[in-house]
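All remarks here apply to the structure that follows.
The values are calculated or read from the model by the stated rules, or taken from the named source; none is laboratory data. Keep in mind the model is a prediction, meaning the values are calculated, not measured. Cβ atoms come from the backbone with ideal geometry, glycine included; neighbour counts cover every protein chain shown. Accessible surface is based on the protein model in full, side chains and every heavy atom, while ligands, DNA and RNA are left aside. Shrake-Rupley method; radii C 1.70, N 1.55, O 1.52, S 1.80 Å.
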Amino acid sequence: MSQTEAQKRAQQKYNQNNKAKRRLSSYRNSARVFIRSYASDEDLAELSQLMQERRRVNKMLRRLDGIRDYVKRPDFSEKTHQLQVLIWRTPAELLADRQANGASDVDWDSWFDAKISPRFNKEEPVVELKRHGHSKFYNSNRAFDILDWLY
């Protein structure tokens, strides 16, 4: 059965307004087809490991909300002795900020490779706790625990 012109326009409008939703749906469907029809035992083992890692990252992302709640409290600065909290969604965002805004005499790529890359997955959020010009970097779970203890 063929679509009317109004249905075609409505479909085009929906597609235009829901690109991200349609893309996610397509990825989800492709993953299901691959798993159901083509995946070997090795593929399934790899996918299982990837899913486990993604669950860990998702948990850390949820903890960021708790960190933001602490920072928004009116007495946060007083109770934490002027602690500054910076949240980086990924380590790459931290590196990009340092390259753009950090001291020009520092090799930020080498610093990143030595201090950040070994400790953080590329998808893992990084929380920077900064006081008196000194920074420490933590994953969101550890940073939340530290703020909880300080508070």
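The figures follow:
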| item | result |
| --- | --- |
| Residues satisfying the stated conditions in segment 139-151, i.e. surrounded by 14 or more Cβ atoms within 10 Å (Cβ to Cβ) and among the aromatic types (F, W, Y) | F144 |
| Failed item, numbered, when W108 is tested on (1) touching a residue at least 24 places away in the same chain (Cβ under 8 Å); (2) crowded, with 16+ Cβ neighbours inside 10 Å | (1) |
| Scan of segment 134-151 for residues that are touching a residue at least 60 places away in the same chain (Cβ under 8 Å) and not in a helix (DSSP H, G or I), ordered by number | N139, Y151 |
| Any hit, segment 113-123, residues being free of Cβ contacts under 8 Å to residues at least 40 places away in the same chain, under 30 Å from R32 (Cα atoms) and open to solvent by 40 Å² or more (accessible area, probe 1.4 Å) | yes |
| Some residue of segment 25-37 being open to solvent by less than 60 Å² (accessible area, probe 1.4 Å) and in contact (Cβ under 8 Å) with a residue 40 or more places away in the chain | no |
| Pair list, Cβ < 7 Å and 6+ apart or interchain, from segment 41-63 residues that are among the hydrophobic types (A, V, I, L, M, F, W, C) to residues that are surrounded by 13 or more Cβ atoms within 10 Å (Cβ to Cβ) and part of a helix (DSSP H, G or I) | M60/S140; M60/N141 |
| Hits in segment 90-105 - residues which are open to solvent by 50 Å² or more (accessible area, probe 1.4 Å), among the aliphatic types (A, V, I, L, M) and either touching a residue at least 40 places away in the same chain (Cβ under 8 Å) or within 14 Å of E128 (Cα to Cα) (or both) | A92 |
| Unmet requirement for K136, which otherwise passes all of (1) open to solvent by 60 Å² or more (accessible area, probe 1.4 Å); (2) farther than 23 Å from S77 by Cα; (3) basic (K, R) | (2) |
| Scan of segment 72-89 for residues that are exposed (fewer than 14 other Cβ atoms within 10 Å of the Cβ) and closer than 14 Å to P125 by Cα, ordered by number | R89 |
| Filtered residues of segment 54-71 (kept if under 15 Å from the mean Cα position of the chain (by Cα) and open to solvent by 80 Å² or more (accessible area, probe 1.4 Å)) | R54, R55, R56, K59, R62, D65, R68 |
